[in-house]
Structures are given as structure tokens and as C-alpha cells.
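**Student:** Got a structure for you, written out below as C-alpha cells; questions coming shortly.
The values are calculated or read from the model by the stated rules, or taken from the named source; none is laboratory data. Computed from a prediction, not measured in an experiment: that's the story for all the values here. Cβ sites come from the backbone with ideal geometry, for glycine too, and all protein chains shown count toward neighbours.
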Amino acid sequence: MTERLLNGRLALFDVTDVEALCRKVIDVQLRKTHAHLRPNDFDDAVAFLVGTAYELSLRYDPSRDIAFSTYCWRILRLRIVDFYRTRFSDRRFGGDDKAAVDFPHSLDAPADGHADGDSLGSTLSSGTGDPAADSFAGSLRALGGGNRQTAEDKAIIRRLVA
């Protein structure tokens, strides 16, 4: 487990630190089920839930009678199961193979799996050095030119936080 995955605090509505909320959701679920995760799996679960929290913020309706923190907590508690099923497979319907996860094996390999894509190394080194511009939230703002609801943008967000 690393101390922090994001290079700053991501705040959404009344949640001042989304990463801390996601870590708390995971800790509560692990205690409740008497389970544990390896440090790298824990960090991946945090990243998965941070991405999910961002997606929830896009759908959240502040005019409803529920705080975003409560709404987010309730949904994230359920979404941790999605992470488990993705990471460790879902054997309820006869699947006995571990879920296939495609991880880049080289910084020189294309980051998106296409031969003409940028390499992961060039993507990581293309930052400006400005924490505000290079932050997770800054990356999300830049994705769709204001149209973050498209399926393509959501796929990019999932790849960023995975």
C-alpha cells in the first residue's frame, strides 16, 4: 500500500478527499469479511474506486435529499465487489479461469494496445511539471473537451485509474 496514489487531493462535492474515502470503504469491507489484499491489489482497488467515485459525481443530482458523501459511500461499498470479480474472477456461472487483465509489459510498448499509439513511457514523461495541470482531476477535465459522458471518455478514465 502506498501512502497516496494521487499527487493531490481530489475533492468532489462534500467529499474533501476522495482517495481517503475509497481507502476507508476498502478497509471497512476487508474488516467486515475478515479478508486482506496484497498491497498492489489494495492500490488497484483504490484506483478503481476513485474512478468510480468520479463517474458517480457526473451522475449525482445535488437537488436530491442525500449528500454526495453518503451517496458515494453506499455505491462504492457495492462496487468493491466489482473490483473483486474483475481481479479474482467471478465463478458463480461456471467460469473457473482468472479474469484476464492486460497490463503493459514495457514502457516502450504502445499504451493503448494499438501499434500507432504513444508509448507508456512517452505518456508518463509528457507531463508539464505543474501539479495542477498533471493531476488526476486535470487529466479528467482535459479528456473530452467538456463532453465527458461518452463511452470513449469513460474507457479512457478507467484506463487512467487502473
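**Student:** Considering segment 8-17 alone, what residues qualify as being in contact (Cβ under 8 Å) with a residue 40 or more places away in the chain, on the phi < 0 side of the Ramachandran plot and surrounded by 13 or more Cβ atoms within 10 Å (Cβ to Cβ)?
**Tutor:** Taking segment 8-17 as the starting set, the residues that turn out to be in contact (Cβ under 8 Å) with a residue 40 or more places away in the chain are 8, 10, 12-15.
Going one step further and asking which of them are on the phi < 0 side of the Ramachandran plot, we end up with 8, 10, 12, 14-15.
Across segment 8-17, the qualifying residues are Gly8, Leu10, Leu12, Val15.
**Student:** Scanning segment 1-34 for residues that are among the hydrophobic types (A, V, I, L, M, F, W, C) and touching an Asp or Glu at 6+ places or on another chain (Cβ under 9 Å), which turns out nearest to Phe68 (Cα to Cα)? Before the answer, list the steps.
**Tutor:** Of all residues in segment 1-34, those among the hydrophobic types (A, V, I, L, M, F, W, C) come to 1, 5-6, 10-13, 15, 18, 20-22, 25-26, 28, 30.
Imposing the further condition that a residue be touching an Asp or Glu at 6+ places or on another chain (Cβ under 9 Å) reduces the set to 1, 5-6, 10-11.
On the way: Met1: 26, Leu5: 22, Leu6: 20, Leu10: 14, Ala11: 11 Å.
My answer is Ala11.
**Student:** Looking only at residues in segment 68-81 that are touching a residue at least 24 places away in the same chain (Cβ under 8 Å) and either surrounded by fewer than 15 Cβ atoms within 10 Å (Cβ to Cβ) or basic (Lys, Arg) (or both), which one is nearest to Arg31 (Cα to Cα)? Quick ask: steps written out before the conclusion?
**Tutor:** Of the residues in segment 68-81, the ones touching a residue at least 24 places away in the same chain (Cβ under 8 Å) are 68-69, 72-73, 76-77, 79-80.
Next, only the ones that are either surrounded by fewer than 15 Cβ atoms within 10 Å (Cβ to Cβ) or basic (Lys, Arg) (or both) stay: 77, 79.
Details: Arg77: 13, Arg79: 16 Å.
Across segment 68-81, the extreme among qualifying residues is Arg77.
**Student:** Let me ask something else. Inside segment 1-38, can you point out the residues that are among the basic types (Lys, Arg) and assigned to a loop (DSSP other than H, G, I, E, B)?
**Tutor:** Arg4, Arg9, Arg38
**Student:** Within segment 39-86, track down each residue that is out of contact with any Phe, Trp or Tyr (no Cβ under 6 Å at 6 or more places or on another chain), aliphatic (A, V, I, L, M) and not in a loop (DSSP other than H, G, I, E, B).
**Tutor:** Selection gives Val46, Ala47, Leu49, Val50, Ala53, Leu56, Leu58, Ile75, Leu76, Leu78, Ile80, Val81.
**Student:** Looking at Asp27, Asp43, Asp14, Asp61 in this structure, which one is among the acidic types (Asp, Glu) and closer than 21 Å to Arg159 by Cα? If you could, list the steps in order and put the result at the bottom.
**Tutor:** Working: Asp27 fails: closer than 21 Å to Arg159 by Cα; Asp14 fails: closer than 21 Å to Arg159 by Cα; Asp61 fails: closer than 21 Å to Arg159 by Cα.
Unique residue meeting the criteria: Asp43.
**Student:** Being under 21 Å from Ser57 (Cα atoms), surrounded by 13 or more Cβ atoms within 10 Å (Cβ to Cβ) and in contact with a helix residue (DSSP H, G or I) (Cβ under 7 Å, 6 or more places away or on another chain), is that true of even one residue in segment 27-42? Give the derivation first.
**Tutor:** Taking segment 27-42 first, the residues under 21 Å from Ser57 (Cα atoms) are none.
No, segment 27-42 contains no residue that is under 21 Å from Ser57 (Cα atoms), surrounded by 13 or more Cβ atoms within 10 Å (Cβ to Cβ) and in contact with a helix residue (DSSP H, G or I) (Cβ under 7 Å, 6 or more places away or on another chain).
**Student:** Could you check segment 17-49 and list, in sequence order, the residues that are over 13 Å from the mean Cα position of the chain (by Cα), among the acidic types (Asp, Glu) and under 18 Å from Asn7 (Cα atoms)?
**Tutor:** Answer for segment 17-49, where residues must be over 13 Å from the mean Cα position of the chain (by Cα), among the acidic types (Asp, Glu) and under 18 Å from Asn7 (Cα atoms): just Asp17.
**Student:** Name every residue in segment 82-112 that is surrounded by 11 or more Cβ atoms within 10 Å (Cβ to Cβ) and modelled with pLDDT of 65 or more, in order of residue number. Show your work before the answer.
**Tutor:** The initial filter retains those residues of segment 82-112 that are surrounded by 11 or more Cβ atoms within 10 Å (Cβ to Cβ), namely 82-91, 95, 99, 104, 107, 109-112.
Of everything in segment 82-112, those that are surrounded by 11 or more Cβ atoms within 10 Å (Cβ to Cβ) and modelled with pLDDT of 65 or more turn out to be Asp82, Phe83, Tyr84, Arg85, Thr86, Arg87, Phe88, Ser89, Asp90, Arg91.
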